Structure formats: structure tokens, C-alpha cells
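The values are calculated or read from the model by the stated rules, or taken from the named source; none is laboratory data. Here the structure is a predicted model, which is why all the values come from computation and not from measurement. Because the Cβ atoms are built from the backbone with ideal geometry, glycine has one as well, and the counts that use them run over all protein chains shown. The area values use the complete protein model at the heavy-atom level, side chains included, leaving out ligands, DNA and RNA. Shrake-Rupley method; radii C 1.70, N 1.55, O 1.52, S 1.80 Å.
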Amino acid sequence: LTSCLHFLSVGSLCIALAAYLFNLLVSRRVASLSTDTLIYHLTIPAYWMQLGFLQTPDLPFHDGAAEHSPLITETLIYGLMSLTGNDSLAFLLQPAFFLLTVAIFHRSLRHLGLQKVAARFLAAFLLIFVPFFQSSLIVNSEMVMTCGVALFCYGMLLTQAYRHSGFPVAAAGIALTMASKTVGIIYGTLALA
């Protein structure tokens, strides 16, 4: 029974990962329907490519404001766009952080004492969890912030046994959360408390 559960948990994780990667490839054939993608996450780096990095882009469609605070997501997308001259690599950012979040989630479950089989099944479930699954297929900052929160939680779990290594991990999670999205400042402040 144990070997059967082991095989099923590995199989479910592989199938969930394959389904995710397949949907990621299919989603690249269709233009993004996300307004955030078109207004912020691709447009601002494109402006920076023309005007120079971290110049203030003119965004008259954004609540009448002409400024936007540079966040880590747009900065990373700018780096990817600078490499290729277009947005062909920008779509990789969210999936990379989503897969990192799944890995951190798995490590957190193991640290909480769950057996490998149960942790694999739950990680497979997270891979196909619709809100995260859908959000990670568009160019956005949601998964970057979620990854920061997951990293913070994992760091706090580590402090129970390894105080000196747990605090830097938690601090990195807070920093990523705060740097990824303006609302991340609220979550990061709560985490600091």
C-alpha cells in the first residue's frame, strides 16, 4: 500500500505539472486579456526601453496620474525585454514564481511534519488550484507577491528549529512581498509586526 501511494503521489504531481506546462504553452498562442498586463506590466517596461530605465511614463489612463512606482515585477520584465527587444520572455515571470511557490509550499508541509506522500498530493493540488493556475498564466505581479508571502511563512516555520537561518528567509519573503505590489506593503507590514 505504501509503495502504491508513493507511486500515485509522484504520478499526480507529474500529471499536474504536465497539465500546467501544457496550459502555459497554449496560453502563449492567445493575446493576453488581462488589463493589468496591458496597462502596467508590459507597457511600463516598454516605455522604459524607449525613454530609459526608471523614467516616469505618461499614464493618463491610470486614474489621471502620470506616475507609477517602479516595482520588482516591471523591473524584471524590463530586464527580460531588454534581452530580446520584445515581450517574448515576459510571460515566464509569473510561472517561475508560481512553481517556486509550489516548491516552498511543499517544503513548508514537510517542515510541518507531513509525510512525503501527503505533501506531494497537496503540492499537486496547488498546481491545479484554479485561482493560482489562471493568474500565473498572464503577465502580472500576483504570483510574485504570493511567492513572497509563502517564503515569509516558510522562514517563520524555520525559526522554530533554526532561528538564525529562518529570519533571513522570512525577511527575504517580506522584502519580496513589499517590492512586488503596492498592496504588498500592507501584508509586509503585518508580517513585520
Here, the chain modelled as identical Cα point scatterers in vacuum has Debye log10 I(q)/I(0) at q = 0.12, 0.14, 0.16 Å⁻¹ of -0.68, -0.88, -1.06
Under a Cβ-only charge scheme (Lys and Arg +1, Asp and Glu -1), can you give me the dipole magnitude of the chain about the Cα centre, in debye to the nearest 20? 920 debye
Please turn the phi angles of the range 152-157 into ³J(HN,Hα) values with the Karplus equation 6.51 cos²θ - 1.76 cosθ + 1.60 (θ = phi - 60°), one per residue in order, whole Hz, x for glycine and proline. 4, 4, 5, x, 5, 5
Which peptide among 161-173, 121-133, 94-106, 138-150 comes first, and what is the full order, when sorted by highest mean count of other Cβ atoms within 10 Å? 138-150, 94-106, 121-133, 161-173
When only Cα pairs under 8 Å and 6 or more residues apart are kept, what is the percent relative contact order across the chain? 21 percent
With the 1.4 Å probe rolled over protein heavy atoms, the range 96-139 has an accessible area per residue in Å² of 52 Å²
Solvent accessible area, Å² - LEU8, 1.4 Å probe, full protein context: 90 Å²
Counting other Cβ atoms within 10 Å, which trypsin sites (Lys or Arg not before Pro) in the range 84-159 have at most 11 and lie in a DSSP loop? none
Residue-normalised 222 nm signal for the chain, counting each DSSP H run of n ≥ 4 as -39,500 (n - 2.57), nearest 500 deg cm²/dmol, is -21500 deg cm²/dmol
If unit charges are put on Cβ atoms (+1 for Lys and Arg, -1 for Asp and Glu) and the dipole of the range 1-138 is taken about its Cα centre, the option from ALA124, ILE39, SER136 lying farthest towards the positive end turns out to be ALA124
Probe 1.4 Å, protein heavy atoms only - accessible area per residue of the range 146-193 in square angstrom: 55 Å²
Separation of the PHE167 and ILE185 label points, Cα + 7 Å toward Cβ, nm: 2.6 nm
For the chain, the percent of accessible surface on carbon and sulfur atoms (probe 1.4 angstrom, ligands and nucleic acids excluded) is 69 percent
Looking at the range 1-42, I'd like the Rg to Rh ratio, where Rg is from alpha-carbon atoms and Rh is Kirkwood's inverse mean 1/r. 1.33
